[in-house]
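Each remark here refers to the structure printed beneath this line.
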Amino acid sequence: MSELPDIDDLWDDDEEKSGFQKVMLPFLLLGFLDGAGLYGLIADPELLLTPAKKKRLTSKSLKYAAASARTTKKALARQIDLALEKGESVKQLGKRIDRLFGSEMGYRSLRIARTQLTETINEGTLAALVDEGNRYKQWSTVIDGRERPSHAAANGQIVPIHEKFQLEGGSCMAPGDDELPPGEKIGCRCTIVSTDTDPRHARAMARIFLRTHSSLERRYVISLRRAFRAQRGRVLSRLPS
């Protein structure tokens, strides 16, 4: 019976980070552009995607790809440890790996897409508000019974355009901001609007945000699931025969 491999026999950090960065970056760029054009504030959102913004989004995609790789590597290492503890064969380990990707990565794809797109769409909207000369910005929460209590409390909060919103669990430039702790960031569906937006119009704009977000999210999830399937294939191909 073949000896079970170590995690480093199955995993190439650079390859996995590079692969996921190539999937993530185009959607971060699209999210920014969608956010910049979301409420018709500017005629050409491309003008706001400056070299500095592209560099920032590229850095974010590398950061997110590295985080995804770390999480998956840790989960794989756990499966190897369990297989060793139970005295399992390489074939049994392969089944464990197959189940891991089947059960966990579909959910992760949705969580990654939803969270990253909220951040980058709002980053684009904030850039548009700044470009339009707005001196203040307003937090807008989708109130439908699924919102976090802290985000419900933040609904309607107004702060200077270059200052942070204050939530119970942290502070941020916009909903989904990477500075927020996971409990305030993951799965957030909030957006920002100008301060002259009345509550009824803010609700309509929130629906526009959700439609835009959902359309891009579906495509992103499909791409991420494909990337995880390819990753599974690479890992399984390195198992000893």
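The values are calculated or read from the model by the stated rules, or taken from the named source; none is laboratory data. Quick caveat, the model's predicted, so the values are computed rather than measured. When we count neighbours, we look across all protein chains shown, and the Cβ atoms used for this are built from the backbone with ideal geometry, even at glycine.
Counting only residues that are out of contact with any Pro (no Cβ under 9 Å at 6 or more places or on another chain) and either part of a strand (DSSP E or B) or in contact (Cβ under 8 Å) with a residue 24 or more places away in the chain (or both), which one in the stretch 191-202 is farthest from residue 40 (Cα to Cα)?
By that ranking, first place goes to 199.
Residues that are modelled with pLDDT of 90 or more and either within 21 Å of the chain's Cα centre (by Cα) or within 21 Å of residue 45 (Cα to Cα) (or both) were ranked within the stretch 142-158; the one that is surrounded by the fewest Cβ atoms within 10 Å (Cβ to Cβ) is 150.
Can you confirm whether the stretch 176-184 contains a residue that is surrounded by 14 or more Cβ atoms within 10 Å (Cβ to Cβ) and over 25 Å from residue 216 (Cβ atoms)? There is no residue in the stretch 176-184 that is surrounded by 14 or more Cβ atoms within 10 Å (Cβ to Cβ) and over 25 Å from residue 216 (Cβ atoms). Once the stretch 171-190 is narrowed to residues that are without any contact (Cβ under 8 Å) to a residue 24 or more places away in the chain and part of a loop (DSSP other than H, G, I, E, B), the residue that is farthest from residue 149 (Cα to Cα) is 179.
So is residue 119 of a type in the set (Asp, Glu), within 23 Å of residue 229 (Cα to Cα) and under 19 Å from the mean Cα position of the chain (by Cα) or not?
For residue 119, the condition - of a type in the set (Asp, Glu), within 23 Å of residue 229 (Cα to Cα) and under 19 Å from the mean Cα position of the chain (by Cα) - is not met.
Does any residue of the stretch 156-166 turn out to be part of a strand (DSSP E or B), farther than 20 Å from residue 38 by Cα and touching a helix residue (DSSP H, G or I) at 6+ places or on another chain (Cβ under 9 Å)? Looking through the stretch 156-166, at least one residue is part of a strand (DSSP E or B), farther than 20 Å from residue 38 by Cα and touching a helix residue (DSSP H, G or I) at 6+ places or on another chain (Cβ under 9 Å). For the stretch 167-211, a residue qualifies if it is in contact with a helix residue (DSSP H, G or I) (Cβ under 7 Å, 6 or more places away or on another chain) and among the hydroxyl-bearing types (Ser, Thr, Tyr), and the qualifying residues are 191, 194, 197.
The residues of the stretch 97-151 that are charged (D, E, K, R) and closer than 17 Å to residue 212 by Cα, listed by number, are 111, 114, 119, 123. Scanning the stretch 206-215 for residues that are among the hydrophobic types (A, V, I, L, M, F, W, C) and crowded, with 18+ Cβ neighbours inside 10 Å, we see that the one that is modelled with the highest pLDDT is 209.
Give me the residue from the stretch 189-205 that is of a type in the set (A, V, I, L, M) and crowded, with 16+ Cβ neighbours inside 10 Å and, out of that set, nearest to residue 68 (Cα to Cα). The selected residue is 192. With respect to (1) surrounded by fewer than 18 Cβ atoms within 10 Å (Cβ to Cβ); (2) over 20 Å from the mean Cα position of the chain (by Cα); (3) at pLDDT below 95, the lone exception for residue 234 is condition (3).
Yes or no, residue by residue, for (1) surrounded by 15 or more Cβ atoms within 10 Å (Cβ to Cβ); (2) under 14 Å from the mean Cα position of the chain (by Cα); (3) hydroxyl-bearing (Ser, Thr, Tyr):
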{"position": "113", "(1), (2), (3)": "yes, yes, no"}
{"position": "133", "(1), (2), (3)": "no, no, no"}
{"position": "139", "(1), (2), (3)": "yes, no, no"}
{"position": "160", "(1), (2), (3)": "no, no, no"}
{"position": "173", "(1), (2), (3)": "yes, no, no"}
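One residue stands out among those in the stretch 45-99 that are of a type in the set (Val, Ile, Thr) and part of a helix (DSSP H, G or I): the one that is farthest from the chain's Cα centre (by Cα), which is 90. Considered as a group, the residues in the stretch 7-45 that are in contact with a helix residue (DSSP H, G or I) (Cβ under 7 Å, 6 or more places away or on another chain) and acidic (Asp, Glu) include one that is modelled with the lowest pLDDT, and that residue is 34.
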